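Working notes for the structure below.
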Ligand SMILES: *Cc1c(COP(=O)(O)O)cnc(C)c1O
């Protein structure tokens, strides 16, 4: 994709976020755009970073490392949003600003163990499998969520920030809103029970952006609407 088109798409997504925020009486500056760059090129990321995009999301550890190494001079904040194997926690702890996909205790201890003291604590979101789909990772019951949240709060090298979800794909906006509302309510309950602020709700992708903003998303994860369709046949990640 030519870089002018890429920047047009990006600006158009930013405008949509502002418009939708206003539609639901929200402050646009409370909603952050995470540009999901998996399978997209270093050049495309560099173009957007130069234009002012800071946060980029990646799903594969090797691909994130490869890109982070190639783009060291820029001010990019890498967000890891994919399923994580415990033997790859070290790489994520050393590279990412935030991880959205923590869903079990082993990841908590390993990420904390490997987070370098030279970096600020790693920001952590707990992934919730809100529609209870067998195909998806994430916590399905509230008690497990509480246990995980407490484990993160006990780690000095980690900072618990909130929850993330990938709902079952639905086209009807009211149906989309239901899943997002559930995540928000779960967050509210957890924050109250643990007496800790959990400001972030990572929810909403290209196809359900408006529903997520309507229900309180603070981080929206957008790939296709910015970069176009992913060419998943040529691998950038080698996993
Ligand atoms: C790929 C991906 C996205 C981006 O999805 P689009 O439909 O391309 O906007 C968002 N979140 C996660 C967890 C992803 O894996």
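Here are the numbers for the structure shown:
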read-out	value
Members of region 86-118 that are outside any helix (DSSP H, G or I) and in contact (Cβ under 8 Å) with a residue 12 or more places away in the chain	96, 97, 98, 99, 100, 101, 102, 103, 104, 115, 116, 117
Members of region 91-104 that are more than 13 Å from residue 64 (Cα to Cα) and more than 14 Å from the ligand (Cβ to nearest atom)	104
Hits in region 20-52 - residues which are away from the ligand (no atom under 15 Å from the Cβ), closer than 20 Å to residue 1 by Cβ and either in a strand (DSSP E or B) or in contact with a helix residue (DSSP H, G or I) (Cβ under 7 Å, 6 or more places away or on another chain) (or both)	42, 47, 51
Some residue of region 112-133 being within 16 Å of the ligand (Cβ to nearest atom) and surrounded by fewer than 15 Cβ atoms within 10 Å (Cβ to Cβ)	yes
Some residue of region 208-218 being surrounded by fewer than 18 Cβ atoms within 10 Å (Cβ to Cβ), within 14 Å of the ligand (Cβ to nearest atom) and closer than 20 Å to residue 23 by Cβ	no
Only listed residue being under 15 Å from residue 202 (Cα atoms) and surrounded by fewer than 18 Cβ atoms within 10 Å (Cβ to Cβ), chosen from 8, 30	30
All positions within region 53-66 that are more than 15 Å from the ligand (Cβ to nearest atom) and either out of contact with any strand residue (DSSP E or B) (no Cβ under 6 Å at 6 or more places or on another chain) or within 14 Å of residue 38 (Cβ to Cβ) (or both)	62, 65, 66
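FYI, it's all coordinate maths here, none of it is from the lab. Keep in mind it's a predicted model, so treat the numbers as computed, not measured. Here the Cβ is made from the backbone with ideal geometry for all residues, glycine too, and neighbour counts use every protein chain on show.
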